[in-house]
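Please read the structure below before turning to the comments.
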Amino acid sequence: MKPIPYGRQNITEEDIKNVIETLKSDFLTQGPKIKIFEEAFAQYIGSEYAVAVANGTAALHLCTLALGIQKGDKVITTPITFAASANCVKYTGGEVVFADIDPKTYLLDPVKVENILRAYPKGTFKAIIPVDFAGRSADMFAFQKLANKYGSKIIEDACHAPGGFIKPTEGRKINCGDGQLAEMAIFSFHPVKHIACGEGGMITTNDESLYKKLLLLRTHGITKDPDLLQNNHGAWYYEMQELGYNYRLSDIQAALGTSQLCRAEQGLKRRRTIALRYANAFEKKDYILGQSGFVEGHAYHLYIIEVKDREGLYQHLRKNNIFAQVHYVPVHTMPYYKQFGWENGDFPLAEKFYEHCLSLPMFPTLTEQEQEFVIDCINSYYDQ
Ligand SMILES: Cc1ncc(COP(=O)(O)O)c(C=O)c1O
């Protein structure tokens with residue numbers, strides 16, 4: 001059996017053709033392919049606007065800037081996420097406050113968040129960053145209520161969840177990142193994600209003023225839009241109105257992203273089929289302490305099991321050429337964050353999850369035979 005990673009991009013001949021076409025065109029960096037990608041992505045997610053950027057981390061950074069988060073401002077997020085969900089607050093000089101997870105969903109727990117919020121005057125926390133960890137929508141209704149009650153804004157980190165959704169009532173569907181329940185949402189197009197651009201990211205929003213601000217911040221704070229200029233010296237004239245960044249995506253990457261987006265639903269369907277097979281295979285196993293399970297609307301960037309002796313299983317799988325992964329080392333236990341006073345033991349549920357979790361191979365081109373091999377290897381480790 002050839003090596004089986006936990007995630008893998010799927011590049012087709014069509015993708016390659018689209019990239020080559022762009023390479024032969026007049027634009028390599030930001031050009032016409034960006035708008036095409038943004039519009040197709042906004043349509044897919046169901047948001048009014050989308051802004052393509054260099055990567056998911058840049059997307060998070062621009063969101064914190066667009067909300068005006070500054071030195072000393074407090075923002076809440078989960079410890080079970082990639083470091084970038086917290087780092088974006090540090091980029092602005094803000095303070096990251098973590099809250100523990102719900103052990104059943106592995107997601108930021110709104111009850112724990114409210115316990116923190118209510119201890120401070122209204123407006124103390126400038127934002128909440130819920131993460132649709134593994135592809136499962138965060139409890140966005142609860143966070144929206146908290147944001148309204150305590151004067152915060154919401155940046156939804158939907159990197160794991162393009163195509164994910166919740167159905168609060170029959171007939172109503174809320175897509176992860178569609179802007180109904182958050183000011184902005186962000187996505188990543190890193191190759192292990194649903195849509196691969198090499199590097200790439202997207203911000204979605206339904207707020208026109210945030211959209212315009214994000215466009216400005218993406219390109220150095222520079223505009224050429226005649227309607228926005230304070231002066232105008234002629235057709236060449238441009239104006240830097242804010243301190244922005246070069247967080248542009250290239251047309252080459254956008255061509256790949258748009259091409260990949262055409263197959264997004266197909267990939268999701270396959271991920272959900274794989275998840276169902278894992279869920280059924282592990283349902284009654286006594287060595288399984290918890291698992292992602294089969295949840296409607298889950299986008300299954302990751303399929304996670306919680307097991308006894310995770311280290312032993314991880315090594316056993318590696319010997320069999322299966323490269324499972326651990327997502328994530330809790331962010332508050334990172335040496336960088338410990339300097340701000342966070343310690344092991346601060347979030348017992350997140351830390352217990354980290355002790356037992358393992359992300360199994362989950363990508364659309366994983367074959368049934370490969371998945372059976374993974375399941376057999378796990379069973380044989382505990383049955384020996
Ligand atoms: C939850 C989450 N947020 C943010 C990011 C950052 O995205 P990128 O790697 O595109 O900068 C990632 C990427 O791994 C992620 O998993």
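Neighbours of Ile252, meaning other residues whose beta-carbon lies under 14 angstrom from its beta-carbon, give a summed charge of -1 when Lys and Arg score +1 and Asp and Glu score -1. Restriction of the trypsin sites (Lys or Arg not before Pro) in region 68-116 to DSSP coil positions whose beta-carbon has at most 10 other beta-carbons within 10 angstrom yields Lys71, Lys104. The angle between the Cα long axis of helix 56-66 and the main principal axis of the chain comes to about 50°, on a 0 to 90 degree scale. Placing unit charges on each Cβ (+1 for Lys and Arg, -1 for Asp and Glu) gives the chain a dipole about its Cα centre, and among Val75, Gln9, Ala185 the Cα reaching farthest toward its positive end belongs to Val75. Taking 0.36 nm per residue of separation and subtracting the current Cα-Cα distance, fully stretching the chain between Glu13 and Glu343 would add 113.9 nm. Helical runs assigned H by DSSP (4 residues or longer) give the chain a calculated mean residue ellipticity at 222 nm of -11500 deg cm²/dmol, each run adding -39500 (n - 2.57) before division by the residue total. Neighbours of Glu183 by Cβ distance under 9 Å: Lys/Arg scored +1, Asp/Glu scored -1, total -1. Seen against the Cα atoms of the chain and their longest principal axis, helix 13-23 is set at about 30 degrees. In order along region 87-95, the phi-based Karplus estimate (6.51 cos²θ - 1.76 cosθ + 1.60, θ = phi - 60°) of 3J(HN,Hα) comes to 4, 4, 6, 5, 4, 8, x, x, 10 Hz; Gly and Pro are listed as x. Each Lys and Arg adds +1 at its Cβ and each Asp and Glu adds -1 at its Cβ; summed about the Cα centre, region 234-348 shows a dipole of about 720 debye.
Taking amide hydrogens as placed 1.01 Å from N in the peptide plane, the amide H of Gly290 sits under 5 Å from those of Glu306, each at least 5 positions away in sequence or on another chain. With contacts taken as Cα pairs under 8 Å and at least 6 residues apart, the chain reaches a relative contact order of 22 percent.
Per residue, the solvent-accessible area of the chain (1.4 Å probe, heavy atoms of protein chains only, all protein chains present) comes to 44 Å².
Amide H contacts for Val97 (H built 1.01 Å from N in the peptide plane; partners 5 or more residues away or on another chain; cut-off under 5 Å): Val75, Ile76, Thr77.
Could you tell me whether region 225-384 comes out rounded, prolate or oblate from its Cα gyration tensor? Rule is a ≥ b ≥ c as square roots of the eigenvalues, rounded for a/c under 1.5, then prolate if a/b exceeds b/c, otherwise oblate. Oblate.
Relative to the longest principal axis of the Cα atoms of the chain, the long axis of helix 32-45 lies at roughly 50 degrees. Placing dummy labels 7 Å off each Cα toward the beta-carbon, the span from Lys212 to Glu368 is 5.5 nm. What a 1.4 Å probe finds exposed on region 311-376 is 52% carbon and sulfur by accessible area, rounded to a whole percent. Couplings 3J(HN,Hα) for region 102-114, derived from phi with the Karplus relation 6.51 cos²θ - 1.76 cosθ + 1.60 (θ = phi - 60°), are 8, x, 7, 9, 6, 9, 3, 8, x, 5, 5, 5, 5 Hz, where x marks Gly and Pro. Take the alpha carbon atoms of region 94-139, find their center, do the same for region 148-196, and report the distance between the two centers in whole angstrom. So the separation of the two Cα centres works out to 15 Å. Whole-Hz Karplus values for region 316-328 come out as 4, 5, 4, 4, 9, 6, 10, 9, 5, 9, 10, 10, 10 Hz, taken residue by residue from phi with 6.51 cos²θ - 1.76 cosθ + 1.60 and θ = phi - 60°; glycine and proline positions read x. List the longest stretch of the chain that has no exposed loop site; here a site is one of the GluC sites (Glu not before Pro) assigned by DSSP to anything other than H, G, I, E or B, with at most 16 other Cβ within 10 Å. Formally, the longest exposed-site-free interval is 49-169.
If you take every residue apart from Asn320 with its C-beta less than 14 Å away from the C-beta of Asn320, what net charge results, scoring Lys and Arg +1 and Asp and Glu -1? That sum, taken over residues with Cβ under 14 Å, equals 0.
The values are calculated or read from the model by the stated rules, or taken from the named source; none is laboratory data. None of the values given here were measured: they were computed from a predicted structure. Every residue, glycine among them, receives a Cβ derived from its backbone with ideal geometry; neighbour counts consider all protein chains shown. Heavy atoms of the whole protein, side chains included, go into the accessibility calculation; ligands, DNA and RNA do not. Shrake-Rupley method; radii C 1.70, N 1.55, O 1.52, S 1.80 Å.
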